[in-house]
């Protein structure tokens with residue numbers, strides 16, 4: 001999906017500011033937002049790709065002015081409402097209550113089974129590899145060009161690599177295809193590759209940093225075989 005969240009190569013946003021010894025969470029509520037992902041994932045609300053697409057559907061101004069975990073809360077609200085487990089009007093009333101009564105106790109719930117699931121997912125993740133009968137069309141060492149069209153809906157084909165040519169340096173078998181799963185379709189696994197691009201190829205010789213490369217994971221439908229160099 002094309003939008004303000006696809007920031008690779010975007011000018012005018014200033015440097016990426018890093019903080020030494022940055023805390024894992026900057027506020028207590030971020031811990032709850034982090035836990036919501038695994039909870040909602042286990043409940044079948046979304047997969048990783050539809051989670052990302054929900055963030056992409058945020059109002060552009062809200063997206064740019066909100067922080068990382070606010071994006072996660074948006075997804076929980078979005079899918080909670082879609083699944084009929086969150087009443088947005090009731091959520092607004094409860095939000096107002098806690099704004100007016102910040103010391104009021106929060107609801108408590110004990111669920112050891114859910115806690116064990118969340119702990120396992122946080123530690124190990126959820127693999128996206130899937131079996132497929134499809135034969136890989138490319139191999140390590142092939143030069144490939146990323147398709148340059150602009151797809152509608154969710155995609156992991158960032159704008160700054162579209163139309164660019166690189167070399168496959170890793171083949172990872174088949175994995176869930178974001179352009180299907182992220183748009184409400186089946187997992188539809190496709191072969192996944194790591195492609196190496198030179199800075200000159202991505203940004204042009206005038207601005208590229210010398211001896212710099214970028215590695216990007218790309219699914220097979222994103223790629224075409226590049227012409228052989230003379």
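The values are calculated or read from the model by the stated rules, or taken from the named source; none is laboratory data. Note that the structure is a prediction, hence the values are computed from the model and not measured. Here Cβ is always computed from backbone atoms with ideal geometry, including for glycine, and neighbour counts include all displayed protein chains.
The residues of segment 127-150 that are modelled with pLDDT under 95 and surrounded by 11 or more Cβ atoms within 10 Å (Cβ to Cβ), listed by number, are 128, 150. Evaluating residue 38 against the criteria (1) surrounded by fewer than 17 Cβ atoms within 10 Å (Cβ to Cβ); (2) part of a helix (DSSP H, G or I); (3) modelled with pLDDT under 90 leaves one unmet condition, (1).
Looking across segment 84-94 at every residue that is surrounded by 10 or more Cβ atoms within 10 Å (Cβ to Cβ) and part of a loop (DSSP other than H, G, I, E, B), the one that is farthest from the chain's Cα centre (by Cα) is identified as 87. Which residues, taken from segment 95-119, are surrounded by 10 or more Cβ atoms within 10 Å (Cβ to Cβ) and at pLDDT 95 or above? 96, 97, listed by residue number.
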